[in-house]
Amino acid sequence: MPGLIVVGAQWGDEGKGRIVDLLAADVQMVVRYQGGNNAGHTVVREGRAVRLHQVPSGIMRPGVLCVIGNGTVVEPFSLLEEMDELAGFGCDLEVLRISRAAHLLLPYHQVLDQVQETSRGTQALGTTGRGIGPAYTDKAARVGIRVEEMLHFDTFARHFRAVAQEKNRLLVALYDQPPLDIEAMLERLRPAAERLAPYIADTSLLVHQALRRGDRVLFEGAQGTLLDIDHGTYPFVTSSNPTAGGACVGTGMAPAEVTGVLGIAKAYTTRVGSGPFPTECRDDVGEHLVREGVEYGATTGRRRRCGWLDVVLLRYAARLNGFTSLAVTKLDVLTGLPHLRICTAYRCGGMVTEEWPPVGYDLADCEPVYEEWPGWSESLREVRRWEDLPEAARRYVERMEALVGLPAHLVSVGPEREQLIVRRSPWGT
Ligand code: GDP
């Protein structure tokens, strides 16, 4: 019953999509366990980029069952658009299943997200404004509407009207906004519900059956460890749990069924939106990383903040997720930097710590302690074997492995499917 969880080890955008796409060649099922259409995985195939927001990256591999788990929030209109785009790309959507228990992200969530973010002013969280936070808020407040309800549209409509009326009161009274047209929203939702109905399933049972059969199941998280609502840089976090535990809660898989957890880490660090970032480089190095790494968000086009590799954060991620191995991505982006820095500890409140900042401090209070390594100037894009990497690149990855205490089984050197060095299978076989 091999169940492998793939988790971003940093602030998301680590390149999980392409790693899942690769691993999906060898699996029967890929399951998304949290997040919504704020996530954006990019899979590049024959020079064409496909951006996936809600559909698991396994969809690019024929025959792999792709599940949108109960821990996600589903925005019906953008999901349908994405499905149409994938169909146009030649993907078979017969393999898609949407959890009956996933919550719907509805038009009022988007409007609320935007007005709430605007009203925060300088305290803005940097949300994508897609309604993810408000949809999860409703789930926790037990006023959310679940995917399964769309199957009985008249009952759904009654529930929707009641919730939407309350949102309208909020929009008008608190945010000074015009009320939303509830019947117009329902008119758009009816055909969407009809189109999505055939895909709705009891996905926790499907996952369980697959694992019992001995199928290989891949659990795909969105965002990354440091955006976890409990363990990340709160409040600059997402509204769900990207960490490995979220894969159990967000799919209905039992913890004992997990056989491995693969941490995806960029060879440097990036983050989108606001919040502390100790190793951020606001200089030529930052520019180099943005330019060479094309560090712009797949969903929003926002420029990502870039900086040196931070192994304090990677160790934290390794501990929280129980990583069994690492995939190091975007090593090629470091080509051309004469010296590379790795943050091994923080100076914080007069102390030096190799752990997450002590109680009473947060990342904003931390100054990185660096060690320096030589860079390399050769392009890595054509390299396919570990031994063909320049020595400085190997030493850099080996140092990363030693500091985190985990092997890097995969090393990627470009966005294309084949631009990857596989040192060992992350399945442990
Ligand atoms: P995800 O959300 O973790 O899947 O990450 P994204 O897809 O948002 O961001 C990763 C970006 O980096 C995409 O544009 C990928 O095509 C690209 N990418 C992934 N791996 C590599 C790599 O090894 N080298 C380079 N240069 N780009 C990569």
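Data table
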{"quantity": "Calculated FRET value between Ala364 and Ala87, using beta carbons and R₀ = 41 Å, to 0.05", "calculated": "0.35"}
{"quantity": "Estimated FRET transfer efficiency when R0 is 51 angstrom, pair Ala192-Glu354 (beta carbons, to 0.05)", "calculated": "0.55"}
{"quantity": "Nearest-20 debye value, the range 25-179 charge dipole, Cβ charges on Lys, Arg, Asp, Glu", "calculated": "380 debye"}
{"quantity": "Surface accessible to a 1.4 Å probe, per residue, for the residues of the chain, Å²", "calculated": "41 Å²"}
{"quantity": "The chain: antiparallel DSSP beta bridges as a percent of all, rounded to 5", "calculated": "40 percent"}
{"quantity": "Shape call, the range 163-307: gyration tensor on alpha carbons, a/c limit 1.5", "calculated": "oblate"}
{"quantity": "Cα-based reach from Lys16 at 28 Å (exclusive), listing lysines while leaving out same-chain residues under 8 positions away", "calculated": "Lys139, Lys266, Lys330"}
{"quantity": "Cα lying deepest toward the dipole's positive end in the range 103-199, options Val115, Gly144, Ile182, charges on Cβ", "calculated": "Gly144"}
{"quantity": "Percent carbon-and-sulfur accessible area, the chain, ignoring ligands, DNA and RNA, probe 1.4 Å", "calculated": "49 percent"}
{"quantity": "Cα gyration tensor, the range 384-429 - rounded (a/c under 1.5), prolate or oblate", "calculated": "oblate"}
{"quantity": "Potential lengthening between Ser377 and Ala124 on full extension [0.36 nm per residue; Cα-Cα distance subtracted]", "calculated": "87.1 nm"}
{"quantity": "Residue of Gly40, Gly224, Gly144 that the Gaussian network model of the chain assigns the largest fluctuation, springs spanning Cα pairs under 10 Å", "calculated": "Gly144"}
{"quantity": "Cα coordinate range in the range 320-377, projected on the principal axes (Å, largest first)", "calculated": "42, 29, 15"}
{"quantity": "Separation in nanometres of the label points that stand 7 Å from Cα toward Cβ, at Tyr175 and Arg45", "calculated": "3.7 nm"}
{"quantity": "Extension gain from Ser425 to Glu183, taking 0.36 nm per residue of separation minus the Cα-Cα distance", "calculated": "81.9 nm"}
{"quantity": "Between the range 46-65 and the range 203-221, the alpha-carbon center distance in angstrom", "calculated": "18 Å"}
{"quantity": "Antiparallel content of DSSP bridges confined to the range 315-429, in %, to 5", "calculated": "80 percent"}
{"quantity": "Debye-sum result for the range 248-326 in log10 I(q)/I(0), which assumes one identical scatterer on each alpha carbon, at q = 0.19 Å⁻¹", "calculated": "-0.90"}
{"quantity": "The range 238-260 and the range 397-421: distance between their alpha carbon centers, rounded to Å", "calculated": "24 Å"}
{"quantity": "Calculated P(r) of the chain - Cα pairs past 38 Å, %", "calculated": "21 percent"}
{"quantity": "Ranking by accessible area, most exposed first, for Val359, Val249, Val413 with a 1.4 Å probe", "calculated": "Val359, Val249, Val413"}
{"quantity": "Choice from Met83, Met150, Met185 with maximal GNM fluctuation in the chain (Cα, 10 Å cutoff)", "calculated": "Met185"}
{"quantity": "Length-normalised contact order of the chain in % [C-alpha pairs under 8 Å, at least 6 apart]", "calculated": "20 percent"}
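The values are calculated or read from the model by the stated rules, or taken from the named source; none is laboratory data. Bear in mind that the values here come from a model prediction, so they are computed numbers and not experimental data. When we count neighbours, we look across all protein chains shown, and the Cβ atoms used for this are built from the backbone with ideal geometry, even at glycine. When the accessible area is computed, the model is the full protein with side chains, heavy atoms only, and any ligands, DNA or RNA have been set aside. Shrake-Rupley method; radii C 1.70, N 1.55, O 1.52, S 1.80 Å.
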